[in-house]
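Worksheet for the structure shown next.
Where a number appears in this text, it was derived from the coordinates with a stated rule and is not lab data. Not measured: the values here are computed from a predicted model. Here the Cβ positions follow ideal geometry from the backbone for every residue, glycine too, while neighbour counts run over all protein chains shown.
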Amino acid sequence: MRWTITIEGTDEFGAAHRSEITLEKDLNSLTAGAVGFSIEDGKTIMAHLQQVIVKQQCETYVLVRRFCMDCERFRRIKDYSKRKIRTVFGCVEVRNPRILNCQRCVPYFRDASAVLRDICPDQATPELMELSARLGSLMPYRKAADVIAEFLPVKSSESFITVRHRTLALGKRLDEKARDRAPGSIRQKLTSASRSSLICQMIPSESSLSALTQPISKAPLRRTGEPLRLQLRDAAADDAAPVPVTIS
């Protein structure tokens with residue numbers, strides 16, 4: 001049995017768009033439990049729909065950005081490149097034009113900019129970033145990447161390193177937002193939190209200080225070449241009074 005799924009839409013300028021996708025379902029597989037659409041069928045359908053919608057949205061966005069509000073004409077396109085936008089329903093590759101500034105309004109200046117850089121600066125949608133961060137915080141990054149590739153039309157080429165980078169990037173942005181919303185005194189504490197924790201790790205504990213402040217010169221040192229930790233251990237076992245040490 002052949003199934004044809006049709007999607008139709010109308011953009012902001014009244015132009016109609018239409019796309020179709022066809023799937024084959026075999027009746028002989030019903031006895032094996034293959035009833036309805038499978039996960040792979042759903043991934044195929046959603047990946048196709050995402051390709052159509054994202055490309056149409058990008059084309060409409062470029063057309064709007066080309067329009068000059070001063071002279072009410074379209075600006076020229078210098079050249080094209082490719083840009084990949086990663087979504088929860090697959091990676092979409094779109095044409096990324098570089099648009100010149102209006103030569104009619106500003107004839108003495110010439111510059112070109114890729115307007116699609118405004119869409120998803122991370123080259124991944126916020127939804128995919130959040131999903132990667134959620135799974136990356138609940139399980140190992142490698143396992144999170146396998147789960148995303150298993151249930152979503154996302155290529156397995158996006159390794160656990162990509163999931164790790166997205167998780168850390170999103171966590172950093174959340175920390176920055178929390179720091180900006182906090183009052184001045186709390187913001188200063190949050191800013192110096194990592195520095196304070198690092199300093200605390202560098203300062204030795206009280207027991208280590210007492211061992212280091214023993215009069216090592218009075219303790220019998222071993223022969224040259226013996227590990228220093230053995231000499232410090234024997235020096236710490238001496239009953240002599242410690243000498244004061246000032247840490248600056």
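Odds and ends about this structure:
- Pairs from the list 25/84; 25/155; 82/155; 43/82; 25/143; 25/55 with a Cα-Cα gap above 26 Å: 25/84; 25/143; 25/55.
- Percent of alpha-carbon pairs separated by more than 12 Å within the stretch 51-103: 67 percent
- Cβ crowding within 10 Å averaged over residues, with 69-75, 100-106 ranked highest first: 100-106, 69-75
- Phi-based couplings in Hz for the stretch 161-176 (Karplus 6.51, -1.76, 1.60; Gly and Pro marked x): 5, 5, 4, 5, 5, 5, 5, 5, 5, 5, x, 5, 5, 5, 5, 5
- Sorting 80, 61, 108, 141 from the fewest to the most surrounding beta carbons within 10 angstrom yields 108, 80, 61, 141.
- Put simply, the amide H of residue 68, placed in the peptide plane, has neighbours under 5 Å in 73, 74, 75, leaving out anything fewer than 5 places away on its chain.
- Relative compactness, the stretch 115-163, computed as alpha-carbon Rg over 2.2 N^0.38 Å: 1.18
- Each peptide in 19-26, 144-151 receives the mean, over its residues, of other Cβ atoms within 10 Å, and ordering these scores from highest gives 144-151, 19-26.
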